[in-house]
Amino acid sequence: MKQYLWKARPLLVFSPDESGELAMQRQNLDAGRTGIVERDMVVVEIIGDRVATLTGPACQEIAADLRAFADVSNGDFRVVLVGKDGGIKLTSQTPVAMAPLFALIDSMPMRQQEIDAEKTMP
């Protein structure tokens, strides 16, 4: 996760397999593509032992290290939002809708600074 520190907000999606929960989370992510980019998010799927980066720079971590970081068992579905500071900001055992996720990110002090900076750009 060090590669994303202060640069991106990783959203880690853990799933033991191509389950219905994973499909639902993928639909949510597809619907929120623009917001994901605006918020400097990197979406990483960890399915079993496979790590795939859906948006942003490729994740260089292995599945076991990501599971240890987020404290997720191999058979669990979990969505974990990591802030730019490297801290875990949200953990959910069910698929996450994008509107509340974006609202959470937008309430964070660092995101507020980004929004303010965007307003002052020509």
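Any read-out appearing in this document is the output of simple, stated calculations on the displayed coordinates, not a laboratory observation. All figures in this text were calculated on a predicted structure; none of them were measured in a lab. A quick note on method: Cβ atoms are made from the backbone with ideal geometry, for glycine too, and the neighbour counts reach across all protein chains shown.
To keep it simple, each residue is scored yes or no on (1) under 24 Å from Glu114 (Cα atoms); (2) part of a loop (DSSP other than H, G, I, E, B); (3) in contact with an Asp or Glu (Cβ under 9 Å, 6 or more places away or on another chain); (4) not charged (D, E, K, R).
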{"residue": "Pro10", "(1), (2), (3), (4)": "yes, no, no, yes"}
{"residue": "Phe14", "(1), (2), (3), (4)": "no, no, yes, yes"}
{"residue": "Arg26", "(1), (2), (3), (4)": "no, no, yes, no"}
{"residue": "Leu29", "(1), (2), (3), (4)": "yes, no, no, yes"}
{"residue": "Val51", "(1), (2), (3), (4)": "no, no, yes, yes"}
{"residue": "Ala58", "(1), (2), (3), (4)": "yes, yes, no, yes"}
{"residue": "Lys84", "(1), (2), (3), (4)": "yes, yes, yes, no"}
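What is the one condition in (1) under 19 Å from Asn74 (Cα atoms); (2) of a type in the set (A, V, I, L, M, F, W, C); (3) in contact with a strand residue (DSSP E or B) (Cβ under 7 Å, 6 or more places away or on another chain) that Val42 does not satisfy?
For Val42, the failing item is (1).
Could you check how many residues of the range 63-80 are surrounded by fewer than 13 Cβ atoms within 10 Å (Cβ to Cβ) and either in contact with a Leu (Cβ under 6 Å, 6 or more places away or on another chain) or among the hydrophobic types (A, V, I, L, M, F, W, C) (or both)?
2
Identify, please: which residue in the range 31-49 is part of a helix (DSSP H, G or I) and not polar (S, T, N, Q) and is, among those, surrounded by the fewest Cβ atoms within 10 Å (Cβ to Cβ)?
Per the criteria, the residue is Val37.
Within the set of pairs 6+ apart or on separate chains, which have a first residue in the range 90-102 that is farther than 22 Å from Gln112 by Cβ, a second that is assigned to a loop (DSSP other than H, G, I, E, B), and C-beta atoms under 7 Å apart?
Correct list of pairs: Gln93/Phe77.
What about Glu18, is it without any contact (Cβ under 8 Å) to a residue 12 or more places away in the chain, out of contact with any helix residue (DSSP H, G or I) (no Cβ under 8 Å at 6 or more places or on another chain) and either assigned to a loop (DSSP other than H, G, I, E, B) or surrounded by fewer than 19 Cβ atoms within 10 Å (Cβ to Cβ) (or both)?
no
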